[in-house]
Amino acid sequence: MEPVTLIILMFFVLVGGGTTGQAIKRRRKRQKEELREVLLKKFPAPDRYVSIFDIFWDLGVSDFALVIMGHQDLLPREPSDIDMIFQRIEDRIEAHGSYEAFVSDVLDAIQEFYQDHKSAGARRALPTLDVPAVKMLPLPESSTGAMPAVTTAQDDGLPDGYLLDMDFEQRTSIRENRTVSSSALIPVSSSQGVDIDELLSAGPLNILRGLLAGNFTQRLSQWVQMRQLRQLRAELDSKLVALFRLFDAMSKRDPDFFVPLYDLTRRWERESMRIERLEKERPWRERPFAQAADLLMEEARIFARYLARHAKANTDEAIGAIGRAAVRGDEAMAGYLVYANRYAFFAGRGDQHASLISEIEYTASRIQTELRNLQQQDVV
């Protein structure tokens with residue numbers, strides 16, 4: 001064979017081999033993403049919607065969890081395995097009676113290998129700070145009528161005061177380069193209540209406008225009947241101001257005052273580092289479910305990092321909201337934010353705040369009683 005012919009044949013072989021190699025890489029990447037999709041896909045279990053990732057997360061994100069799940073044939077090797085695995089999970093949940101019982105049983109199996117697995121505590125019951133947008137008090141119970149609707153801060157979908165599991169769409173869209181919007185992640189109270197400031201916002205000018213609206217007498221009567229409520233609101237605000245000033249003085253005396261509030265952030269940061277170390281060690285590399293394990297660990301690392309950023313943003317926003325309220329001269333609102341997070345701010349710091357907290361709660365109780373009276377009189 002002539003040299004020129006040989007060179008041409010070698011060129012076509014190399015080109016064809018490169019094209020084939022790229023096609024193989026694309027196919028493998030597509031199969032990997034398909035497998036990721038089925039790992040995150042939720043299906044209707046007997047008592048909830050759940051995914052394989054949910055189960056892995058609830059089992060503690062460990063190589064022990066992977067071994068047990070693999071032993072029970074709960075990890076897919078191919079995307080086509082998912083229907084069979086979903087049926088298997090459903091059968092096991094039904095056999096245990098509930099999802100919690102199923103997870104508890106698997107955790108018991110894991111503990112046979114690793115007794116300290118549960119030492120981190122409940123992964124879905126970690127308290128966060130609360131930043132209510134307005135000073136809300138619970139609605140008084142009454143059968144005579146309903147309170148008027150009030151404007152509340154937008155709910156972000158998270159349960160009140162806790163950083164729990166997110167919706168499937170939220171979880172699957174999170175990636176490491178996604179920034180956290182603190183304004184959308186602040187948990188707010190989802191219970192019904194009444195904003196006293198809004199209720200009492202009608203002043204003399206508002207009453208005079210009643211002349212044009214033709215209901216001057218009604219507005220004037222309502223304003224007079226709310227006199228006691230206004231006095232109680234002023235009393236409550238004065239106590240909230242006192243609470244804020246105590247908080248402000250304590251935080252200025254102690255340079256590490258806010259450090260404990262970032263404990264949740266540090267916990268999730270340590271968790272993400274633990275997952276990273278496990279990813280590097282990769283003890284499941286020889287297992288037939290290795291690719292599924294890699295993807296589950298990657299998703300767990302992404303989620304742990306998100307939770308760390310979420311917790312930090314939540315704490316930053318809570319502390320910042322108090323400062324912003326104080327700067328604009330609304331020390332009562334600043335005090336209310338301190339009151340809403342009193343357990344986090346004052347835990348282990350003595351009982352200087354105890355009397356103020358009791359006075360605030362007593363005044364709030366009196367406001368509730370007055371609201372009930374006004375409701376019965378059809379004033380509000």
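What the table shows:
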| read-out | value |
| --- | --- |
| Accessible solvent surface per residue of region 236-357, calculated while the other protein chains remain in place, 1.4 angstrom probe, Å² | 47 Å² |
| Sequence of LEU107, LEU66 from largest to smallest accessible area, 1.4 Å probe | LEU107, LEU66 |
| Peptides 234-245, 44-55, 85-96 ordered by average Cβ neighbours within 10 Å, highest first | 234-245, 44-55, 85-96 |
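The values are calculated or read from the model by the stated rules, or taken from the named source; none is laboratory data. Model, not experiment: these values are computed from the prediction. Positions of Cβ are generated from backbone atoms using ideal geometry, with glycine treated the same way; all protein chains shown enter the neighbour counts. Just the protein is used for accessible areas: all its heavy atoms, side chains included, with ligands, DNA and RNA removed. Shrake-Rupley method; radii C 1.70, N 1.55, O 1.52, S 1.80 Å.
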